[in-house]
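The values are calculated or read from the model by the stated rules, or taken from the named source; none is laboratory data. Being a predicted model, the structure only gives us computed values, none of them experimental. Every residue, glycine among them, receives a Cβ derived from its backbone with ideal geometry; neighbour counts consider all protein chains shown. Accessible surface areas use protein heavy atoms only, side chains included; no ligands, DNA or RNA. Shrake-Rupley method; radii C 1.70, N 1.55, O 1.52, S 1.80 Å.
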Amino acid sequence: MSMQAVRDRYKVPAKQRMRVEHDGRPGVIVKPVQILSGTGGWLLQVRFDDDPDGWHTAAPTTLTYPSDVRA
């Protein structure tokens, strides 16, 4: 699984351990997860600050990335 594949497909600057936000919740990208059915796309595992023991998946295009990073 490749973060480069996520960056290329979705035109986002996603990198492992990058700080992001999803619906106002700050967190860190853990790793990409490939979707095996349908279009064969990618999701990102995100560990949110308010749930340090868990992780959640999010579409790369729904995350808010730091403004100083380009795709």
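Odds and ends about this structure:
- Checking Met18, Met3 one by one, the residue that is among the aliphatic types (A, V, I, L, M), at pLDDT below 95 and surrounded by 12 or more Cβ atoms within 10 Å (Cβ to Cβ) is Met3 and no other.
- For segment 61-70, a residue qualifies if it is more than 15 Å from Gly24 (Cα to Cα) and either within 11 Å of the chain's Cα centre (by Cα) or open to solvent by less than 40 Å² (accessible area, probe 1.4 Å) (or both), but none of them does.
- Any hit, segment 30-53, residues being in a loop (DSSP other than H, G, I, E, B) and aromatic (Phe, Trp, Tyr): no
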